[in-house]
Each structure stands twice: as structure tokens, then as C-alpha cells.
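A.B. asks: Structure provided below as C-alpha cells; questions to follow.
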């Protein structure tokens with residue numbers, strides 16, 4: 001028996017779009033559990049019910065006010081009946097063979113605890129394509145949406161952290177690795193189509209919110225980002241004071257380097273633009289043609305704004321009181 005768990009919050013159109021495609025799937029779940037945390041609760045007499053009735057699948061619609069995604073998934077897990085637990089988000093649209101493919105993988109690998117999802121972020125307009133290259137990348141990412149796990153896996157890894165609005169899925173997936181569980185990679189891709197309707201300002205706002213919450217989680221991505229920025233500031237500080245401290249402003253000294261501060265600043269800037277504007281996007285699936293002729297500059301600028309936002313969010317989340 002397969003239980004599909006979908007958290008939902010104020011995205012009814014996206015939810016209906018996801019549910020309307022279920023009848024086309026090669027393999028359907030035995031039950032669907034929608035945990036709704038919208039401002040106004042969905043009711044069983046809504047069009048959600050009408051869509052699900054056409055699938056002949058048992059479903060439950062539960063409202064839990066202000067529940068974060070981790071809490072919503074835990075509620076779904078606790079009331080589910082299936083031996084296998086599948087996860088989707090409302091903005092993720094799977095291929096019709098996603099569930100069948102995942103079940104086949106687990107059937108041929110009985111030692112495996114589950115199958116990670118594989119999400120590709122869709123971008124159809126110019127700004128969305130720049131945002132995708134500066135963030136998620138073109139190549140599919142290993143994700144919780146689109147995944148399928150044996151129930152026993154949940155007993156080993158524990159449930160999702162409920163007190164955070166973002167980052168709980170990454171935290172849980174890291175715990176799977178810490179337990180050295182054998183989790184397979186999906187062969188079927190899930191599509192995320194939420195980039196086309198987001199502006200740069202909304203993206204920065206979302207980034208700040210998500211990383212402010214993620215900063216409180218155990219994994220150390222926050223530390224890595226802060227250490228990187230601290231190192232850059234240290235290099236610039238040394239460069240700014242080199243000729244004063246080391247050479248005493250004596251132009252005849254062997255340690256005096258003309259225009260050293262400018263040289264170091266330009267090198268740091270060029271390195272950052274290359275890494276964030278070209279190297280990182282290429283490693284995430286972009287091609288050189290995707291970045292030319294000047295898109296790499298815009299990607300680097302968006303990345304710089306996101307990195308600054310992320311750093312401020314980490315500081316806010318870890319060292320300042322809420």
C-alpha cells in the first residue's frame with residue numbers, strides 16, 4: 001500500500017493542477033493525505049474532493065493552522081496506512097511513470113530504504129532563466145518531492161523538524177546519509193514550475209526567510225558561508241593595510257607593493273564573478289551558450305544579492321533574538 005503525502009498552504013490552483021494529473025499516472029497511490037495549513041481551511045465539499053473522487057483513491061483532507069511543511073508531513077505520516085510513503089509538493093508535477101519507476105527500483109533493490117526525488121526547475125522567461133542559473137541550476141537536483149520511502153526508514157531516521165519553515169527536508173535527507181541508509185536515486189524527473197512567477201525582490205525575500213530558519217538547523221551550511229565571507233573580508237583588510245603595517249609606507253622597501261589594495265580587490269571581484277557567474281552555473285547544468293553573451297554578468301549580480309541576503313539571514317537567525 002502506498003500513501004502519498006502532500007502539504008498545502010494557500011496554493012489551491014497549484015494543488016488542483018497536481019491532483020488533476022493523477023489519473024494519467026502509470027501507478028496510483030492507494031491513499032492521498034493532504035495536510036492543509038492555509039489561512040482559510042479547505043473543506044471536503046470543495047473542488048479538491050471532486051478531483052479526487054474521479055481517481056477512486058482513498059483520501060483525507062486535514063487542516064492544521066500554521067503548520068510548517070515538516071509538521072504537515074509528520075501529521076500525514078502518522079495517520080497514513082501505507083507500507084510505502086511518497087512525497088510531493090503542490091508545485092511539483094511528476095512524470096506519469098514517477099511512482100511506478102520508484103516502486104520498481106525498490107522491488108529490485110529490497111535492501112534499499114527508499115528512492116530520492118529528482119526535481120528539475122522549469123524556467124520559461126528571461127528573468128526566470130537567470131534566477132534558475134543563479135540558484136537551483138538546470139540539471140535535476142536530489143529532493144524530497146518525488147521521493148518514495150519504506151515506512152521502516154522513518155523509524156530509523158526520525159521524523160521532520162516541525163519548528164522551522166524551511167530547510168527541514170535537507171536536514172532529514174542529511175540524517176538519512178548519517179545513518180548510512182541505502183537510498184536510491186530516481187530515474188523519473190519531477191518538474192517544479194514556480195520560477196516563472198517570481199521577481200528578484202520576491203526571491204530575495206524568500207531567500208532571507210528560508211535561510212533565517214535554516215540557520216537554526218544542525219547542518220553547517222551557514223558556517224561555511226560565513227567563513228567564506230569572513231575570509232574575503234580578512235584578505236581585503238590585509239590588502240588595505242599591507243603597505244602601512246608591513247612596509248611602513250616606505251616605497252623603497254622590498255615589501256612595498258604599489259596599488260596592492262586595488263589589485264587584490266579587483267582579483268577578488270573577478271574571481272567571484274567568474275565562480276558565481278560561470279563556474280557554478282556550468283556545474284549545475286548550464287552551457288556556455290546559456291550564459292552568453294552577457295547573461296553571466298546578470299547571473300553573477302543576482303548571485304551576489306542572494307549571497308548577501310543569505311549571510312544577513314544567517315546572522316539574523318543564529319546570533320540575534322527573534
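The values are calculated or read from the model by the stated rules, or taken from the named source; none is laboratory data. Since the structure is predicted, the reported quantities are computational estimates derived from the model, not experimental observations. Neighbour counts are summed over all protein chains in view; Cβ atoms, including those assigned to glycine, are modelled from backbone coordinates with ideal geometry.
A.B. asks: For the range 100-211, give me every one of the helices (runs of 4 or more DSSP H) that falls completely inside it and has 3 or more residues that are out of contact with any strand residue (DSSP E or B) (no Cβ under 8 Å at 6 or more places or on another chain), closer than 30 Å to residue 80 by Cα and assigned by TED's automatic domain parsing to the domain that holds residue 32.
C.D. replies: It comes to 151-157, 168-178.
A.B. asks: Within the range 154-181, take every residue that is in contact (Cβ under 8 Å) with a residue 24 or more places away in the chain and more than 15 Å from residue 69 (Cα to Cα) and give me the one that is surrounded by the most Cβ atoms within 10 Å (Cβ to Cβ).
C.D. replies: So, considering only residues that are in contact (Cβ under 8 Å) with a residue 24 or more places away in the chain and more than 15 Å from residue 69 (Cα to Cα), the one surrounded by the most Cβ atoms within 10 Å (Cβ to Cβ) is 157.
A.B. asks: Any residue that is farther than 22 Å from residue 233 by Cα and not assigned by TED's automatic domain parsing to the domain that holds residue 123 - is there at least one of those in the range 298-305?
C.D. replies: Checking the range 298-305: at least one residue is farther than 22 Å from residue 233 by Cα and not assigned by TED's automatic domain parsing to the domain that holds residue 123.
A.B. asks: Could I ask something else about it? Answer with yes or no whether residue 176 is at pLDDT 80 or above, in contact with a helix residue (DSSP H, G or I) (Cβ under 7 Å, 6 or more places away or on another chain) and more than 27 Å from residue 127 (Cβ to Cβ).
C.D. replies: So residue 176 passes the test.
A.B. asks: Kindly indicate the residue of the range 20-69 that is part of a helix (DSSP H, G or I) and either within 29 Å of the chain's Cα centre (by Cα) or modelled with pLDDT of 80 or more (or both) and also surrounded by the most Cβ atoms within 10 Å (Cβ to Cβ) among those meeting that condition.
C.D. replies: Only one residue tops the list, namely 69.
A.B. asks: Quick one: how many residues across the range 265-289 are surrounded by 14 or more Cβ atoms within 10 Å (Cβ to Cβ) and assigned to a loop (DSSP other than H, G, I, E, B)?
C.D. replies: 3
A.B. asks: Exactly one of these conditions fails for residue 104: (1) at pLDDT below 95; (2) surrounded by fewer than 17 Cβ atoms within 10 Å (Cβ to Cβ). Give me its number.
C.D. replies: So the condition that residue 104 fails would be (1).
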